[in-house]
């Protein structure tokens, strides 16, 4: 499959889904005190070949390689998560999707793209009526964090822990050539600002962001107006498990970026 130049779009005919950004949704218990934003959902890719091997795969060339896509277990995780999301929000999805406002925005890495494709397949299976076409939009800002000199190394767990311990003391730090947590936070915030500007005319907009563990954790720090250093503290930022999909909670609505 070939992709167009950035922003990359994969046209897909779909019977699909959408959510009003103003519909109240059931939220995780720890977020009860926060005003929910129904506009954005994060989805972490399912288990991948590198993660099953405890191998770091963060460089773009390796990340887009189909050999580093989902395992069978990862495909099952993505399917189950997609089905659960549809079951929980079906009525709102059906109403909003008819307005052409569902966006699925994915990291270009094969494990995320394949997860997004499974989400689309489940939506097609669920809703077969004619509806606006859907695209999977690949955005580099959602790519995996670049883990520098640790690329290709294993076991990944202790290496991640070393990096996260550094993040806690200096989120701008780039030891071992690793992309800083603050840099990941800035690129995520820039993407959200751009999406807000593009979607500002559609009151029925819902965007699913299909991405990676560190990227989604750090995006949550931006949503909650925290330092990027907070991402490594599970008491402050809840990690996404493989295949998990849930609402991203903003402490205040993300502001649209100014036009060019």
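The values are calculated or read from the model by the stated rules, or taken from the named source; none is laboratory data. Please read all numbers here as calculations on a predicted model, not as lab measurements. Quick reminder, even Gly has a Cβ in these numbers, built from the backbone with ideal geometry, and neighbours come from all protein chains shown.
A few comments on the model shown:
- In segment 152-175, the residues that are farther than 19 Å from residue 230 by Cβ and in a helix (DSSP H, G or I): 156, 157, 158, 159
- Among the residues of segment 117-143, those that are touching a strand residue (DSSP E or B) at 6+ places or on another chain (Cβ under 6 Å) and part of a helix (DSSP H, G or I) comprise 120, 142.
Yes/no matrix, rows are residues, columns are (1) within 18 Å of residue 142 (Cβ to Cβ); (2) assigned to a helix (DSSP H, G or I); (3) at pLDDT 90 or above:
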position: 192; (1), (2), (3): yes, yes, yes
position: 201; (1), (2), (3): no, no, no
position: 208; (1), (2), (3): yes, no, yes
position: 215; (1), (2), (3): yes, yes, yes
position: 221; (1), (2), (3): yes, yes, yes
position: 231; (1), (2), (3): yes, yes, yes
position: 235; (1), (2), (3): no, no, yes
position: 240; (1), (2), (3): yes, no, yes
position: 254; (1), (2), (3): yes, no, no
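- Qualifying residue in segment 90-105 (condition: touching a helix residue (DSSP H, G or I) at 6+ places or on another chain (Cβ under 8 Å), within 29 Å of residue 156 (Cβ to Cβ) and at pLDDT 95 or above): yes
- Selected residue [crowded, with 21+ Cβ neighbours inside 10 Å and out of contact with any strand residue (DSSP E or B) (no Cβ under 8 Å at 6 or more places or on another chain)] from 167, 146: 167
- A single entry from 176, 126 fulfils the requirement of being more than 21 Å from the chain's Cα centre (by Cα), surrounded by fewer than 23 Cβ atoms within 10 Å (Cβ to Cβ) and modelled with pLDDT under 95: 126.
- Segment 91-109, subset in a helix (DSSP H, G or I) and in contact (Cβ under 8 Å) with a residue 60 or more places away in the chain, residue farthest from residue 44 (Cα to Cα): 95
- The listed residue being surrounded by 15 or more Cβ atoms within 10 Å (Cβ to Cβ), touching a helix residue (DSSP H, G or I) at 6+ places or on another chain (Cβ under 8 Å) and more than 26 Å from residue 70 (Cβ to Cβ), out of 232, 205: 205
- Taken over segment 133-142, the residue count meeting the criterion of being closer than 22 Å to residue 95 by Cα and surrounded by fewer than 16 Cβ atoms within 10 Å (Cβ to Cβ) is 1.
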